[in-house]
1. Which one of these does A:P244 not meet: (1) over 12 Å from A:G285 (Cβ atoms); (2) within 26 Å of the chain's Cα centre (by Cα)?
2. Where residues in the range A:44-66 are buried (at least 17 other Cβ atoms within 10 Å of the Cβ) and among the β-branched types (V, I, T), which of them is farthest from A:D34 (Cα to Cα)?
3. Test A:D316 against the criterion of being at pLDDT 95 or above and surrounded by fewer than 24 Cβ atoms within 10 Å (Cβ to Cβ), and give yes or no.
4. State the number of residues belonging to the range A:367-389 that are modelled with pLDDT under 95 and surrounded by 20 or more Cβ atoms within 10 Å (Cβ to Cβ).
5. For the range A:121-143, how many residues meet the condition of being closer than 30 Å to A:A40 by Cα, hydroxyl-bearing (S, T, Y) and part of a loop (DSSP other than H, G, I, E, B)?
6. State yes or no: is A:F491 more than 19 Å from A:L74 (Cα to Cα), within 12 Å of another protein chain (Cβ to nearest Cβ) and either modelled with pLDDT under 95 or under 24 Å from the mean Cα position of the chain (by Cα) (or both)?
7. Would you mind stating whether A:D72 is assigned to a helix (DSSP H, G or I) and at pLDDT 95 or above?
8. Report whether or not B:L60 is of a type in the set (A, V, I, L, M), within 14 Å of another protein chain (Cβ to nearest Cβ) and either part of a strand (DSSP E or B) or out of contact with any strand residue (DSSP E or B) (no Cβ under 8 Å at 6 or more places or on another chain) (or both).
Amino acid sequence: MKHILDRLYKVSRNAVCASVLMVSAAASAQSGPDYDDILAGFADPERWLTYSGDYSGKRHSPLTQITPDNVDQLRPVWTFQTGTTTRGRGFETTPLADDGILYVTGSNNYAWAIDARSGRAFWSYRRNLPSDLTYGASAPVNRGFGMLGDRLFMVTLDAHLMAFDRRSGDVLWERELADYQVGYSATLAPLVLDNKVIVGISGGEYRTRGFIDAFDPVSGERLWRFNTIPGPGEPGSETWPDDPEILASGGGGTWMNGSYDPELDLLYWGVGNPNPDYYGDLRPGDNLYSNSLVALDPDTGELQWHYQFTPHDLNDWDSNHMPVLADIDWKGEPRKVVMVGNRNGFFYVLDRVTGELLLGKPFTATTWAREIGEDGRPIVLNDGSQGCVPDPWGSTNFMPPTFYPGLDLFILTARETCATFIPEVPANTPGQSNFGGTVHIDAEQGSGALRALDVHTGELVWEFTYPSPTFGGVLSTASGLVFAGDHEGNFMAFNAETGENLWHYQTGSRIWGAAAMTFMLDGRQMVLIASGTTLTAFALPE
Amino acid sequence: MALLPMLLLVSSPALLAQTVNPLEGDPRAAFAGGALFRAQCATCHGADAKGISSIDAPDLTLMWSQRQLSAQDVFDTIRNGIAGSIMPPHDFTDTEIWMLVSHLQNVAVAGVIGLPDGDAANGQRLFARHCAECHRVRGEGGSLGPDLSTITARRSLESLLISVRDPSALIAPGYKPLTVITGSGETVQGVLKSEDAFSLQMMDSNQRLRGFRKQQLRSLERPQQSLMPVFSESLLGQQELIDILNFLDRN
């Protein structure tokens, strides 16, 4: 653990840097947001500057113009057609909003700057991708831009990080993260900290080794790398076979965004499945830091603590979820916690200073395990070979949940599924997916629900059920509303306290991986959702 | 005349390479293709190749009969992927792809094999009397049940016999029975075509497509019994059923 004085020094240094930057921002009214603006989160109601709206990952907006009483008046204002499809996956982006302009990434590495008033594009970009993409070909998605000053940052399906000029869409620089031909890709929205752009990598279904990278936003220089699978002799390597080749291709993707606590100066990030996904005999042990939440020092990338949700995963239950940070009362004491709704079917509350497990409780009918033992490890009842555990897409997935402060509800999309895993010796061919077996999914037994959990107990407070397993993300607003999407294409609003459905709009395509965002524009609260090939903006009548 | 056989000899290998799997009939190829399929394809298409509808991965056991694909078509799809979809291109060797094609040919639903002889003309009359109100063959007939024009190429004799004698044993998606009572008190019986949390889309028993908002319904029931009547042997003798299958198989 880093010394507390280091942290205090860092906080004050940040404050000094921020005030210097603010002076330069004032000198040029055209400049985009600086680190201080992102740090301020939702303070400016006309901005949405980072993937979750702020660093905490709560996806809880303070806006209150749209209320449970008037939300039935919500109507589309415009629809933007992207012209690019991802059949089988989704349009997963969260737009960024600043000065009336939306910065949006799309599938197949398209990107746009869009007039938030009209839905018309200022510029568009399409990356000329190689024809032999590996993982990027099967999941050609992107979740959004990161932004700092006049720069936008986007990762690509051929595993690069790019910087753009936000006004022209011109490419400023690009850096290779890893060799896509081995199986790497990148899909997340870069997380911008103070003079750092943090990114993760996709490709855990291939013979890859996951990492989290930090880059200098101006020069594009790589500042550090944290490898999610340790090297030989490094801490954590004792949870793997003593074989450099296995470690070098142990998976552990980092393809979903992380969150950041500026006070503790800690970065929180989820790590994906070990490789091969379903065949564990080649990798006896817990396989750290796969299926874990890691807390890193953002200056160095050094690991501060970790918690592994699914030791020795055999079911492709990546822990690539949005870590949600909140300060709550915990049994009479104020506590800094991080919350995760996990693909393995459990909802977790951890102390985010120390990584101590406070609560782990199932939120679906998962038969994999029903409780966490005294030692903090799951008591596994069924590894999947005996049938009917959550499918490889999980009890939930990367679609962002929301935390509603005050109500202390963690609201997430739950998937009830039934799968049997059939492991097989894998071929271990670089450049080819390497699942190590197959899955039989009983489609008749699938359903979905929006579920609100009491974060103190993990108990279900309310739910709204869907006919099929769903991938839509969730947003809440301080007026007592929850916005969610479903697999049948509905974009919906609910009463946050009761779960009562108050409004819905059929977007025409499943809402897959995307969560809504909201901001004020000319005195009107806008709510945006990506679905299929379209981005639609909603507002109350003028 | 002497030129023609020569031309055929020269051109036939190329012609064959474009249409026929060179490994066809080799059981080792199908076996190896099966292993490759389970490692590389099954996550989307399922271990049984029957597809996963939630991610638009199609049932590959039905593609040959439903879509009349050639081996070369399937080869090309594996090689090139499907642009704009989750199906990626693959850099397998040609031999590996042909092994996959062999496996897929192997698991393809073979349809009716060993159909006993029957009187197809009598089958046609019986079909018109018992089946055509709900089922269509070559463009003639109803829509409440599945189109049976190619059914003998897609389902085994055993499963077809079960579907006639015990129609509720397996009801295909799109034909699940449904009974609703509307806000105005009308009882509507039919089959469910689609639904979401707020609405349902059905075909009523008069074969009219109808959409309802769930909140405007007084009740919504999902009976386990198929709308198709049970055709016991007293209603439709075994030879009569064979006659109908002969009529269908002639298509």
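1. (2)
2. A:I66
3. no
4. 2
5. 0
6. The answer is no for A:F491.
7. Yes: the conditions hold for A:D72.
8. So B:L60 fits the description; yes.
The values are calculated or read from the model by the stated rules, or taken from the named source; none is laboratory data. Keep in mind the model is a prediction, meaning the values are calculated, not measured. Don't worry about glycine lacking a Cβ; one is built from the backbone with ideal geometry, like all the others, and counts go over all protein chains shown.
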